Structure formats: structure tokens, C-alpha cells
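So the structure is just underneath, and the comments pick up after that.
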There are 2 protein chains.
Amino acid sequence: MTSSPSGRRAGKSSLSAVASRRVERPAPLRQAVYDALLELIVSRTLAPGQHLVEAELAEYLGVSRQPVREALQRLQTDGWVDLRPAQGAFVHTPTEEEADQLLAVRSVLETYSAKLAAEHATTQDVKQLKRLQKAGEDALAAADAERLVQANANLHAAVAAIGRNKVLAEMIGLLDRRVRWYYTPIARPHSRDSWNEHAELIAAVADGDAERAGEVMRRHAEQTRQTYHNRKNIENN
Amino acid sequence: MTSSPSGRRAGKSSLSAVASRRVERPAPLRQAVYDALLELIVSRTLAPGQHLVEAELAEYLGVSRQPVREALQRLQTDGWVDLRPAQGAFVHTPTEEEADQLLAVRSVLETYSAKLAAEHATTQDVKQLKRLQKAGEDALAAADAERLVQANANLHAAVAAIGRNKVLAEMIGLLDRRVRWYYTPIARPHSRDSWNEHAELIAAVADGDAERAGEVMRRHAEQTRQTYHNRKNIENN
DNA sequence: ATACAGCTTTTGGTATGCAAAAAGCAGTTC
DNA sequence: GAACTGCTTTTTGCATACCAAAAGCTGTAT
């Protein structure tokens, strides 16, 4: 009785009081493998074009081939690796064409996301946005590029979340991460101006002005798109 | 020599003459399983909420558990099933909230897609669109609901393809299919009016008028959204 | 050089086993 | 008779082992 780790029943008994208690089931191993591999790819430890041998990854991560296979397949559908039949997985090599297409779609979705945010934002939400913006300002002052990138991602994710459209938020999250990865060699998030635009955006959201929020976001996105587009060469070193 | 199935080399030998020959590597089995399961889900042979037991599916399809597992995981990322840790796969049950979010995102993306199509369409492309429209008209005249749905999907896919943005086209394809599935019980694609709008759309694309094409598509999408939204009840029988 | 004949590596799949979690079934208690 | 408790069965998630066939890499003969 004492040794048993207590109830594991999941039925509809009278939990009333504990109803909100998160069950927190253990995430499958393949998820951990997915995260680990994604980290290796994003950090360029695994270079674009590189052949990923299942057995090697499995040994490196201390697991069997199966979870590695499953993680690789999810990485493919998310656009991080290419799975060539009978040849295996290769770290995806971004092309300029694809990068531009990604930026274009992201621009459209983020514009809509900003509109939704303006329509749904509570005062709480606005407060949070301002906190995130301040975090970015701090990183900017400290000239901490890493933190700035993160702050930028957080802010955009927060805007998407405020829009209350999960489908949209998830799509934006993926697109954002891919876009950032594509351009990491040349990114150095365009510093000062970019953050001034964020201030504008937050103001529009706070006013509940959907049209203006959308327009600001569109300008913001299109401008980054131009910035990238000018530096034609994506250096995949 | 005779028994060996001839060359399988894929290197850069002097194929000059045959360079364009598609190598056509055999699609992995998991892809076939994915298709089969998706078909079963879309056709409602597997009902929303139903628990999918790997072993059963494997036996039914005549394969082992592994390809089934992999197919199920891709089905999850595409939104067709839910994978609960340590419990397995359940056919996804659409909620009204999610359906509306999906429709909203689709509306935004299709609007952009129409704009792109108007900017890129060649006379060839326009011809093809008109062919597809005619196919729809025929189905409408024959009162063949099944074919009408297919014609509708084809037309939208064609518009997306003309836009020359693969990322966008793929997203729209998935969204479209999910949306249609969500509403299959009540869909009966809104017949006559809907196809008149298609004619308008094609005209705008033919004129290369991006703004108009986008506007027409937005109206079209928003109108379907309203149509669905009115019939509140999603019957998941 | 070029084409061909092995040899090796890697995939994609099969079969099997197993710990641990979940679901189901009792039986017991109040 | 409703709820807790313990036991059994089912199912997942992963490991291990094995194999055919494809892809890649030689070297060798032409």
C-alpha cells in the first residue's frame, strides 16, 4: 500500500477539487529526440546537406533507431530535413526561392495575427507585450544578440497567442523558426528601427485598432523581407 | 549478368541523354499506409473519437506495427488524429472553435493565393482554370455532389499552384482538406452561387487584377465561412 | 576514360520481447 | 449503492535482432 505510487485511475470519479490538476503524462522519448536533433540543426552542429545516419544519431543520443526514425520524420514534415527514399535523412538546405516564399506567407499570417491581437487584447495582454518589449530593449542596450533574437521571437509569439487562434499561432511559430534559421548567418536582427516598429505595433494593439495593427505588422514584415532580400547570398557555411 | 536487375547506380555518370528521366524511387510503405488511413478517416469509416489500435490496423492493412506508427504520427501533425501519450491514436474530433479558426486562416491564405495567381497567370493557366470551372459546371448540371466537391478542390488547388508559392500551396491543400472533412456532414457545396463567384475570380485572374482577385476570393471564403457558421451544429455522427 | 562486377553501408521493413501505463473488472467497505 | 482498493488485461513505447534491396564505393577489364 505504501509502496504503490497511489492511484493511476483516469476515469470520471469525483475529483471535483483536483479537477484542474494537470495529469502531466511523461512526454515520449521521440519528443526528446526531436528536440535534441532540432537543436543540433538550428545550432548548425549538423550542417545543411549533411547526411544523417540513423544508427549514428541513435548511438550518439543513447537510444535505439526507432525513436530516431520517428523524430526524423516529424522533422521532415516541419521542413528541417529532407527524407530521400532509400537514402535517408539530409539536413534541409534552404534555397533562396523557398526562403522568399516562406517570408511572404509569414508576412500574410503575421498581418492577420496582429489584427486579431488588436481585436482580442485585454489590458493584461497589453501589459505583457510591454514587458516583452522592455526585455528586448534591455537586450538591445546590452548588445546581446542572442537575447535579442529570443525576445523578438517571444514578442511575435505573444501577439499570435493573444489573437486566440491556435491554428494560426502554431503555423506562425513554425514559420518564424524556419525563417530565422534560414537567415541566421546574416540575421543580426535589424536592431534599433525594428524595435521602434514594435512600439508602434503595441500601441495599435492597445488601442484595439485592428487595421492599423495589421498595417504596421505588414510594413514590419515586408521590410525585413526586403532587408533579407537585398543581401542576396544566403551563406550556408 | 542476366539475372542481375541491371544498373542501380545513381552517380554522376554520363546520362546526358537520359538526364531528365525521372528516377521514380518507390514510395515507402508508410506513405501507402498514411494514404489508406487518411482515406478511412475522411470517408468516416473510422469515426471521430475512435481509438485506433496499432496492432489492429497493422493486421487489417497487412503490414507490421512500425509503418502504422509512423503513419499515425504524420497523421497527427497534419491534424487528422490525436496522439495521447501512452494511450495511442484517436481520430481527431473537430470542435466548432477549431473549425472556425481553420476557416479564418484558410480565408487569409486563399486571398493571398488569389492575388499571387493574378500576378503570375499565363494564358495557359487561365485556360486550365476555365477547363476546371467547366468541369464543375458539368458536375453541377449532373447534380453529382461528389464530383462537384472534387472539382471545387481542384480549382482551388490550381489557383494555389499558379501562384508559384509551394509553401503556400501546400498549406492551403492541407487546410482545405481538413475544412472539407469537418463539414462533410452538412457541406453539400453551396451550389449555384458559389460557382458564379468562381467565374468572377477567374475573370479577375485573367485580367491580372490582383486586388480584385483577392477581394473576390476573400468574399468567397468569408461567405462560405458564414454559411457554415450559421448551421451551428457540427454533427459528428 | 568507361562500363561493369563485386563489396559495403544504409535504409525500410519484419518479428519478437518487455516494462510501464491505462483501462477494465472485481470485490470490499462504508 | 457509491467510492475506494487491488488485481488482470490491453496497449503503448521502446529495444533488439534480422534481412532484402537499394545506393554508394571501389577496383578491374575493356
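The values are calculated or read from the model by the stated rules, or taken from the named source; none is laboratory data. Since the structure is predicted, the reported quantities are computational estimates derived from the model, not experimental observations. Don't worry about glycine lacking a Cβ; one is built from the backbone with ideal geometry, like all the others, and counts go over all protein chains shown. Calculation scope for accessible area: heavy atoms of the full protein, side chains included, ligands and nucleic acids excluded. Shrake-Rupley method; radii C 1.70, N 1.55, O 1.52, S 1.80 Å.
Below are the figures for this structure:
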| quantity | calculated |
| --- | --- |
| Rounded to the nearest 10 Å², the accessible area of B:GLU200 at probe 1.4 Å | 80 |
| For B:ARG84, label point 7 Å along C-beta direction: distances to other copies, nm | 4.2 |
| Whole-angstrom Cα spans of segment A:29-91 along principal axes, big to small | 27, 24, 19 |
| With every protein chain in place, segment A:29-91: carbon and sulfur % of accessible area (1.4 Å) | 51 |
| Per-residue SASA entry for A:LEU72, accessible area with 1.4 Å probe, Å² rounded to 10 | 10 |
| Segment A:70-196: relative contact order in percent, alpha carbon pairs under 8 Å with at least 6 residues between | 28 |
| Solvent exposure ordering (accessible area, 1.4 Å, most first) of A:THR111, A:THR122 | A:THR122, A:THR111 |
| Kirkwood Rh, Cα atoms: Rg over Rh of segment A:60-125 | 1.21 |
| Accessible solvent surface per residue of segment B:29-91, calculated while the other protein chains remain in place, 1.4 angstrom probe, Å² | 46 |
| For segment B:80-100, residues shielded by at least 40 square angstrom of accessible area compared with the chain on its own, probe 1.4 Å | B:PRO85 |
| Convex hull volume per residue for segment A:38-155, taking Cα atoms only, in Å³ | 164 |
| Where B meets A: accessible area buried, both sides, 1.4 Å probe, Å² | 2600 |
| Spatial separation of Cα centroids for segment A:127-183 and segment B:116-136, in angstrom | 39 |
| Listing of segment B:150-184 residues, each with accessible area lower by at least 50 Å² in the full protein assembly than in the chain alone (probe 1.4 Å) | B:VAL167, B:MET171 |
| Span per principal axis, largest first, for the Cα atoms of segment A:90-132 (Å) | 45, 19, 14 |
| Protein-only accessible surface order, largest first, of B:GLU98, B:GLU137 at 1.4 Å | B:GLU137, B:GLU98 |
| Accessible area, probe 1.4 Å, largest first, for residues A:VAL53, B:VAL81 | A:VAL53, B:VAL81 |
| Alpha carbon centroid spacing (whole Å) that separates segment B:192-214 from segment B:56-94 | 40 |
| Average accessible area per residue (Å²) across segment B:96-230 - probe 1.4 Å, nucleic acids and ligands excluded | 45 |
| Exam field: B:GLN223 pseudo-label spacings to other copies (7 Å along Cα-Cβ), nanometres | 3.8 |
| Per-residue SASA entry for B:ASP193, accessible area with 1.4 Å probe, Å² rounded to 10 | 100 |
| Translational diffusion of segment B:96-237, µm² s⁻¹ [Kirkwood Rh, Cα pairs; Stokes-Einstein; 10 °C; 1.306 mPa s] | 105 |
